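The values are calculated or read from the model by the stated rules, or taken from the named source; none is laboratory data. The model shown is predicted, which means the values in this text are computed figures rather than measured ones. Here the Cβ positions follow ideal geometry from the backbone for every residue, glycine too, while neighbour counts run over all protein chains shown. SASA here: full protein model, heavy atoms, side chains in, ligands and nucleic acids out. Shrake-Rupley method; radii C 1.70, N 1.55, O 1.52, S 1.80 Å.
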Amino acid sequence: MSQMDTLLDKGKQALGWVDERFPLTSLYKAHLSEYYAPKNFNFWYFFGSLALLVLVNQIVTGIFLVMHYKPDAALNAAGVPVAFASVEYIMRDVPGGWIIRYLHSTGASAFFIVVYLHMFRGLLYGSYRKPRELVWLFGIAIFLCLMGEAFFGYLLPWGQMSGWGAQVIVNLFAAIPVIGPDLSIFIRGDFVVSDATLNRFFAFHVIAIPLVLLGLVTAHLIALHEVGSNNPDGVEIKKKKDTNGIPLDGIPFHPYYTVKDGFVAVVFLMVFSVVVFFAPEGGGYFLEYNNFVPYDALQTPPHIAPVWYFTPFYSILRATTSNFMWVLGALALIVGGLTVVSTKSKNVKALAVGVTAILLAGFALLDAKVWGVVLMGGSVMLFGLLPWLDQSPVKSVRYKGVLYASVLSVFVVAFVLLGILGTKAPGYAFFGLIPGEPVAAVCSVLYLAFFAFMPWYSRMDATKPEPERVTWK
Amino acid sequence: MSNDKLEVSGGASFSCNCADSSRRQLMAATAAVGGAVGVGVAAPFVASFLPSERAKAAGAPVEVDLSGLQPGEMKTVEWRGKPVWIVRRTPEMLESLKKSEAMLADPGSSRAEQPDYVKGAGRAIKDEYLVCVGLCTHLGCSPSAKFKPGAESGIGDDWPGGFLCPCHGSRFDLAGRVFKSMPAPDNLPIPPHTYVSDTRLIIGEDTKGA
């Protein structure tokens with residue numbers, strides 16, 4: 001027996017020892033070497049693993065930032081808030097501190113870019129459809145956590161945008177009838193955004209939300225590996241298996257996709273590094289200029305806007321004025337009416353009439369401000385209904401008709417326009433000519449309509465027959 | 001697997017329907033008590049989110065010296081962590097309040113948060129001095145002073161002078177009254193305040209027997 005063989009044998013023995021106590025080999029097989037993913041993954045399938053990479057980046061850089069950051073709103077000897085000063089200290093005095101912080105702050109924006117593209121992939125190929133509803137819902141929960149994580153984290157540098165951004169968002173909750181004002185005080189822990197707010201947001205940002213996030217990411221992956229990945233053709237590879245029970249169109253995740261994802265990770269990190277080294281502020285979109293000024297509770301900066309990844313939803317909030325309530329009322333009436341006309345079930349009819357009536361009464365009775373908050377939150381949650389709204393016989397846009405392709409394109413354009421408008425001051429006009437407010441209102445309606453009318457347009461669409469097997473060149 | 005059968009390690013199965021009902025009740029009671037204890041244990045954690053005693057105590061009145069404030073000028077002081085504005089209004093500024101009347105959502109301040117002793121269009125004890133909390137009633141940004149009337153303000157030809165919120169564009173006149181169809185629903189609040197002399201003002205204390 002050669003020395004090599006002896007070593008290999010020792011290794012096998014060690015692995016056997018572990019396997020008798022912990023399912024290492026079977027986990028490795030189930031999730032990597034014998035997890036069969038469709039062989040026709042394309043560009044859009046990079047973003048899941050990239051999201052995981054960015055998550056690791058955020059956790060690692062975050063741990064090192066916490067070693068130097070101080071969540072303290074009190075003024076130091078120089079009259080600067082301690083929290084703000086500790087961020088400046090990280091940037092100027094901690095060896096390597098600047099790059100750790102820029103990796104973290106750029107990572108936040110990268111996270112949202114990657115996740116938005118990851119979600120768009122779902123819209124393209126119907127990845128939310130049966131049997132992947134729970135994969136999708138865990139994903140929506142991850143997205144919500146991510147938004148919470150970003151919001152809590154943005155207060156920590158204690159700059160002008162931190163303080164006033166938190167002020168505005170926490171005051172959103174004050175719009176809720178009856179409990180609202182007390183709820184906003186409960187969230188802040190004070191009557192104004194203060195040291196108490198900073199400390200609890202720090203706790204949420206560094207421990208509470210990350211723990212939940214990790215749990216949800218695990219659940220997302222377990223659910224995914226239970227049902228198997230969707231693919232650009234939207235056909236189930238598990239329907240056609242060989243004699244060993246392996247999907248004919250599946251290839252083991254490792255090594256095929258680990259290598260592919262590894263390559264993509266390198267390309268991504270090259271782009272990411274360019275931003276980190278040459279444009280860490282992202283032109284004022286990744287790190288807003290006003291946030292380089294310490295928080296002053298007495299003066300709001302002349303222009304405040306959320307960070308870019310929140311702006312589509314923020315635009316919907318702003319568009320919900322008292323005049324917009326008429327549009328919402330009309331939308332509720334149309335959707336309610338359509339439901340009544342197109343269902344045979346008496347219960348569903350009654351439910352539709354009831355919900356429409358409650359909505360109309362609510363639109364009439366409650367302030368537009370309340371509905372703005374509801375719509376902003378609701379516009380994120382709506383994604384969670386997609387598995388049940390989409391009634392198309394096929395999953396992928398490849399076999400859906402022109403109708404869905406057009407509706408999805410309009411939705412994307414509306415989403416981007418809302419995003420652009422959300423970064424602008426009220427009263428902004430495109431090229432100084434087209435006023436932004438009506439554009440935001442129209443885009444908000446289009447955004448809502450994408451979801452509200454899906455049960456009908458997805459049925460009307462002229463679909464093409466799905467292939468038996470995945471198409472692959 | 002049928003849900004009323006459980007496999008035990010020996011391979012034999014038994015029906016859960018034959019479970020001892022008194023043990024079942026005991027289990028239910030234990031679960032109920034355990035749940036109640038859980039709620040009780042959660043209480044201090046939930047309560048810890050409320051403003052602390054220190055935060056509640058930090059509401060001391062603030063004294064302001066008005067002697068240096070020129071007509072048309074504004075001063076901002078901090079009271080309970082919030083900005084409070086003191087604007088020394090010129091006769092023209094006071095005149096503008098009449099001009100703005102038609103454009104306002106609540107010109108009589110019937111819904112506004114203000115003490116009983118500030119009345120009328122000026123919303124002040126002394127018309128010359130406007131004292132109000134400088135936080136927009138929409139989402140709590142601090143509006144910017146836009147005192148210059150007309151087109152020069154960049155807001156509009158009919159701008160009477162007032163405040164513009166940078167966050168969502170709400171407009172207020174020089175008495176902190178909100179314009180019609182703005183995101184902000186209400187006029188800016190007037191804090192309790194009292195004059196101890198002609199040039200000394202206390203914010204956070206009510207005027208007694210004024």
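Some notes on this structure:
- Across every direction, the projection of the convex hull enclosing the Cα atoms of region A:363-473 has a mean area of 10.1 nm².
- One chain, two ends: A:K424 and A:T243. Fully extended at 0.36 nm per residue, the span grows by 59.2 nm beyond their Cα-Cα distance.
- Estimated FRET transfer efficiency (A:K10, A:L32; beta-carbon r; R0 25 Å; 0.05): 0.60
- The simple Förster model, with R0 at 41 Å and r as the Cβ-Cβ distance, assigns B:Q25 and B:A47 a FRET efficiency of 0.75.
- The order of A:M67, B:M74 by accessible area, most exposed first and with a 1.4 Å probe, is A:M67, B:M74.
- Applying 1/(1 + (r/R0)^6) with r as the Cβ-Cβ distance of B:Q70 and B:K99 and R0 = 30 angstrom yields a FRET efficiency of 0.85.
- Once the 1.4 Å probe is applied to the protein heavy atoms, the protein assembly as shown comes out at 50 Å² accessible per residue.
- Compared with the direct C-alpha span, the chain from A:Y285 to A:A462 gains 59.6 nm at full extension, assuming 0.36 nm per residue.
- Take the accessible area of chain A alone and of chain B alone, subtract that of the pair, and you get about 2200 Å² summed over both chains, using a 1.4 Å probe.
- Taking 0.36 nm per residue of sequence separation and removing the Cα-Cα distance, the A:W44/A:V274 pair yields an extension gain of 80.6 nm.
- Here's the picture: a label point sits 7 Å out from the Cα of B:K148 along the beta-carbon direction, and within region A:420-434 nothing has its amide nitrogen under 15 Å of it.
- Charge dipole (debye, nearest 20) of the protein assembly as shown; +1 at Cβ of Lys and Arg, -1 at Cβ of Asp and Glu: 1740
- Partners for A:K473 among lysines (Cα-Cα distance below 24 Å; same-chain residues under 8 apart left out): A:K39, A:K238, A:K239, A:K240, A:K241, A:K260, A:K395, A:K400, A:K464
- In terms of the mean number of neighbouring beta-carbon atoms within 10 Å, the peptides A:144-151, B:91-98 order highest first as A:144-151, B:91-98.
- Comparing B:P44, B:P166, B:P71 in a Gaussian network model of chain B, where Cα atoms under 10 Å apart are tied by springs, the biggest mean-square fluctuation is seen for B:P44.
- When the Cα positions of B:L174, B:L201, B:N187 are compared along the charge dipole of region B:61-203, B:N187 comes out farthest toward the positive end, with charges on each C-beta of Lys, Arg, Asp and Glu.
- With every protein chain in place, the protein assembly as shown: carbon and sulfur % of accessible area (1.4 Å): 67
- Dipole of chain A computed with +1 at Lys/Arg Cβ and -1 at Asp/Glu Cβ about the Cα centre; of A:G189, A:I63, A:S109, farthest Cα towards the positive end is A:S109.
- Relative contact order of chain B, defined on C-alpha pairs under 8 angstrom at six or more residues apart (%): 19
- Where only alpha carbons of region B:61-203 are counted, the Rg and the Dmax (Å): 13.9, 40
- The residues of region A:263-308 occluded by other protein chains by 40 Å² or more of accessible area, set against the chain on its own, are A:L298, A:T300; surface from heavy atoms, 1.4 Å probe.
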